[in-house]
């Protein structure tokens, strides 16, 4: 059912978190809004979102016992998302379209290198350097963020739950936008909304015009081509682009609605590969019951939040100034084979690990860690039951400049 913005505008209840949706779009110019279409939709789990603010502190000027003024600090934007591993398992050879466009972008922003000749393969062979716009859309509101990038990703493969990826990063700025109603013959580049509703719009935010039925988009703002707010004076909102020709709300019973931008026709791959089918192979160790495996990846980018004259991230937005690190935690039960494995680790022998998520007879995810060096673990005995041991280590490249410590292949 198409989203009806007129009904949302007329509904007096508070906003519902259930309506949260995300769209990600690659920016051709870093830090400049790109506009998503329906295929840029991203299936996510609850609990994620944008966190944006601008701290301030009381001025340290001497003013007696009373605070007199404030000093603003840099704007701060961070975000986090949790996703399942959604893979199109339709029969056929591996193709990059077996994962969504937005998912591909998250991987490329995190790991840097993408190869799509047969499936989609990601590694650290290339330094990350892309940026995207993120749209967190609700019912009565939307937050649009620009200059976003991934700084960390934690890949979780539990034996008693669903496999997930937790993504987090930063960005330049986020703008909160709502919905306003207009009964004016809007022309030129201005839209006049109802009294007090001009405050629902911020300069720079992407917007669209919706016709009286609440679903039809004005030809002034078709899906994929919103306008940007360039000025707000009272309840008169000025937008970018050509003069408006299809935004007249003055005819009786046919108002128009100025809304946050959201593309139409959202679509995505809703096929979670949860881990009920899969395997973990460790070279030289007989097959084991792996209770869980977690790969915590960090880029440790340097956020460029120190440019003079900028109130948020500026310059190149980030510098890839820190080492990429993939911390591996693998939990297994103590048994005959693990006793030998435990002792082998005391010589810090590198471990070659391959994880498969999904049926290898069809499209699936393969994670390769050819050289993991574990610390010697400690363990304690529970009162009853099996004895789990957590092996914790770091993934290393096989030789100098190989950049092969971690490879994710959707094949």
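The values are calculated or read from the model by the stated rules, or taken from the named source; none is laboratory data. As the structure is a prediction and not an experimental result, all values here were calculated from the model. Cβ coordinates were reconstructed from backbone atoms using ideal geometry, including for glycine residues, and neighbour counts include every protein chain displayed.
Summary table below
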| item | result |
| --- | --- |
| In segment 306-333, the residues that are crowded, with 20+ Cβ neighbours inside 10 Å and in contact (Cβ under 8 Å) with a residue 60 or more places away in the chain | 312, 313, 317, 318, 324, 326, 328, 330 |
| Subset of segment 241-257 [more than 18 Å from residue 10 (Cα to Cα) and not in a loop (DSSP other than H, G, I, E, B)] | 248 |
| Sole exception among (1) surrounded by fewer than 19 Cβ atoms within 10 Å (Cβ to Cβ); (2) in contact (Cβ under 8 Å) with a residue 40 or more places away in the chain; (3) on the phi > 0 side of the Ramachandran plot for residue 223, by number | (3) |
| Qualifying positions in segment 187-210 - touching a strand residue (DSSP E or B) at 6+ places or on another chain (Cβ under 6 Å) and either within 14 Å of residue 256 (Cβ to Cβ) or free of Cβ contacts under 8 Å to residues at least 24 places away in the same chain (or both) | 190, 191, 192, 193, 194, 197, 200, 207, 208, 209, 210 |
| Qualifying positions in segment 286-304 - in contact with a strand residue (DSSP E or B) (Cβ under 8 Å, 6 or more places away or on another chain) and either part of a loop (DSSP other than H, G, I, E, B) or modelled with pLDDT under 95 (or both) | 287, 288, 289, 299, 300, 301, 304 |
| Check on residue 409, touching a strand residue (DSSP E or B) at 6+ places or on another chain (Cβ under 8 Å), within 19 Å of residue 273 (Cβ to Cβ) and either in contact (Cβ under 8 Å) with a residue 12 or more places away in the chain or surrounded by fewer than 18 Cβ atoms within 10 Å (Cβ to Cβ) (or both) | yes |
| Residue within segment 320-335 that is under 22 Å from the mean Cα position of the chain (by Cα), assigned to a loop (DSSP other than H, G, I, E, B) and more than 27 Å from residue 122 (Cα to Cα) present | no |
| Filter result for the condition that a residue is surrounded by 23 or more Cβ atoms within 10 Å (Cβ to Cβ) and farther than 18 Å from residue 141 by Cα, over 240, 247, 205, 218 | 247 |
| Scope segment 107-122; condition in contact with a helix residue (DSSP H, G or I) (Cβ under 6 Å, 6 or more places away or on another chain) and under 19 Å from residue 402 (Cα atoms); matching residues | 114, 122 |
| Subset of segment 1-29 [farther than 24 Å from residue 82 by Cβ and buried (at least 17 other Cβ atoms within 10 Å of the Cβ)] | 5, 6, 8, 9 |
